[in-house]
Each structure stands twice: as structure tokens, then as C-alpha cells.
1. Of all residues in the stretch 215-241, how many are farther than 20 Å from Ile79 by Cα and either touching an Asp or Glu at 6+ places or on another chain (Cβ under 8 Å) or outside any helix (DSSP H, G or I) (or both)?
2. Please tell me if Lys131 is modelled with pLDDT of 95 or more and among the charged types (D, E, K, R).
3. Does the stretch 104-116 contain at least one residue that is in contact with a Phe, Trp or Tyr (Cβ under 9 Å, 6 or more places away or on another chain) and surrounded by fewer than 22 Cβ atoms within 10 Å (Cβ to Cβ)?
4. Among the residues in the stretch 173-195, are any within 18 Å of the chain's Cα centre (by Cα), at pLDDT below 95 and in a loop (DSSP other than H, G, I, E, B)?
5. Based on what the data block shows, is Ala84 assigned to a loop (DSSP other than H, G, I, E, B), surrounded by fewer than 23 Cβ atoms within 10 Å (Cβ to Cβ) and at pLDDT 90 or above?
6. Only one of these is touching a residue at least 24 places away in the same chain (Cβ under 8 Å), farther than 21 Å from Lys4 by Cα and either surrounded by fewer than 17 Cβ atoms within 10 Å (Cβ to Cβ) or not aliphatic (A, V, I, L, M) (or both): Ser216, Ser226, Ser189, Ser166. Name it.
7. Against the definition (in contact (Cβ under 8 Å) with a residue 40 or more places away in the chain and touching a Lys or Arg at 6+ places or on another chain (Cβ under 6 Å)), how does Phe97 come out, yes or no?
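The values are calculated or read from the model by the stated rules, or taken from the named source; none is laboratory data. If you're wondering where the values come from, they're calculated on a predicted model, not measured in any experiment. As a convention, Cβ positions derive from the backbone with ideal geometry for all residues, glycine included, and neighbour counts pool all protein chains shown.
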Amino acid sequence: MNQKEADEIRQNVRASYAEVAEASNAGDCCGVESSCCGVAADPEINAVNSVRMGYSQDDVNSVPAGADMGLGCGNPRAIAAMVAGEVVLDLGSGGGFDAFLAVAEVGTAGKVIGVDMTPTMISKARSNADKAGHSNVEFRLGEIEYLPVADAEVDVIISNCVINLSPEKPRVFTEAFRALKPGGRLAISDVVASMELPQEIRDDLQLYSGCMAGASTIDALQQMMSTAGFTDINIIPKDESKDFIKDWAPGRGVEDYVMSAYIEASKPQKNSCC
């Protein structure tokens, strides 16, 4: 993929999710209701979608109104094993749903940083943080390929159905490795390809923004992560996710090619000197 194609994908994704945020703010549908970049006018529908993806009703009820937009493809918190005092980075934080859940895990001694490339999403998340009175969560505008985070700043990186949207995935993992402290870990929910996608799916920008056309195979993801320096890589596909993925693009048969998966990995500890 050349830079022009990558830029076109990134601009399309940014525009799609700006539309999602604006629609959520207005209480309207964004017009892409069948995809994971869709948003329902009814918050109760978003809550149902989130529970379907692995969150509890208590999770949904605990975040500020408007933070849960029914996006994602799983619950990265289920595998993150966050503890009090840790610094957590959320890639593609959207309205802040996963970031606010992480705050409850790390407590007042910890910190959560959300990064999103869509200004409207950042504004929405910051407004939600103000409403909730959280002082240890912040949202930074930036691209996940060029993280606005210092070297070795965070303990845990979470992400929910976002890395598949990047046209430069190897760089995302390189940046994630840089941002993690030695011994830090990745805990990601994302869409993966069970086989190579047909070209007509890969070329569909709507399916790309809908979290489907940009999916990489498990082997490709493992290679990217290993090259970036990660160890203890574990990718667990969730076959049952096809039940909701088929609703993202009805009649297109995309669920035959992609599914949700949990993705875990670690940054090695520094070698001690003798």
C-alpha cells in the first residue's frame, strides 16, 4: 500500500467516526447502522450491543451517559488484568467507554490516557470525563501510528476494534512497544481475518471504516508483533463473534472471512546485568 492509499483510508476512517460522534451527540443514527462504525439513536440499543460483545450491564451503567456508543468487537478489560496504580493507554479511545472502565480498575493512584485521531471524539470523551469528575483520565488527539506518549510511559495498552482500521499496522505495534514500560503488556480486542480477504472486500472503503476490510490474518499479526519486539503473543479467535459481525454488513458474507479475537503480548523485562 502506498502513502496516498494509506492517507485515503485514514481520512475516510476519520470522517466516518466524526460522523458517529456527531450523530451520538445529536441522538441520531449516523447512516452506517449495520457496521461497527454505526451508532443507534437509542442508548439502550448501544448498551445491548456492548453486552453482546462481552461487557456486563454494570459496566454499561457505570460510565458517563454518551460514553458507550455500542462500538467495538469485544471487551479488552476482560484480559487486561489491570491493577491499582497502573498507567493504561487506550488506542482509539472514542467516547471514552473503555478508558472510564479502566479508571475503576487502576484507582486514584493510577492513570488512563486515551488517544484518538478524531477531534470530535476527543471533545466528546473530554466532556464525558468532566461530567464524571475524573481527574486521572486524559484524552490526547493523535494517530495510533504516531502516539503522543513518551517512551516507556505506560504499563498496559488496551484497544477495542481499532488497530484493524490502521493502514500501517506494523508501525502501530512498533509505537505500542515504544510506549510500554519493560514488562508491560498488550490486551486488545480486534477483528482478524480467518483467511485472505477477497479484493472486492479489501477495496471497499465503507467496509474498511466498518472494521472489516482492514483485518489482518493471525499469522500476519503475529509476525508484526514479533518484529516489533513483543513476546508471549497469544491470539484467541472468537468464533461466536460471527453472529454479530454478520449484522455489520448484511448480505455481504463478511462473517465468512473475519471474526473478533483477543490479542495479548508482553514487552520483555530489561535484562539484568551480572
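1. As a first pass, look at the stretch 215-241 and keep what is farther than 20 Å from Ile79 by Cα: 215-217, 219-220, 223-224, 227-229.
Those still in the list that are either touching an Asp or Glu at 6+ places or on another chain (Cβ under 8 Å) or outside any helix (DSSP H, G or I) (or both) too: 215-217, 229.
Looking only at that region, the number is 4.
2. Judged against the criteria, Lys131 is not a match.
3. The answer is no, given that none of the residues of the stretch 104-116 is in contact with a Phe, Trp or Tyr (Cβ under 9 Å, 6 or more places away or on another chain) and surrounded by fewer than 22 Cβ atoms within 10 Å (Cβ to Cβ).
4. Within the stretch 173-195, not a single residue is within 18 Å of the chain's Cα centre (by Cα), at pLDDT below 95 and in a loop (DSSP other than H, G, I, E, B).
5. On the way: assigned to a loop (DSSP other than H, G, I, E, B): yes; surrounded by fewer than 23 Cβ atoms within 10 Å (Cβ to Cβ): yes; at pLDDT 90 or above: yes.
So Ala84 passes the test.
6. Ser189
7. On the way: in contact (Cβ under 8 Å) with a residue 40 or more places away in the chain: yes; touching a Lys or Arg at 6+ places or on another chain (Cβ under 6 Å): no.
No; evaluated as a whole, the condition is false for this residue.
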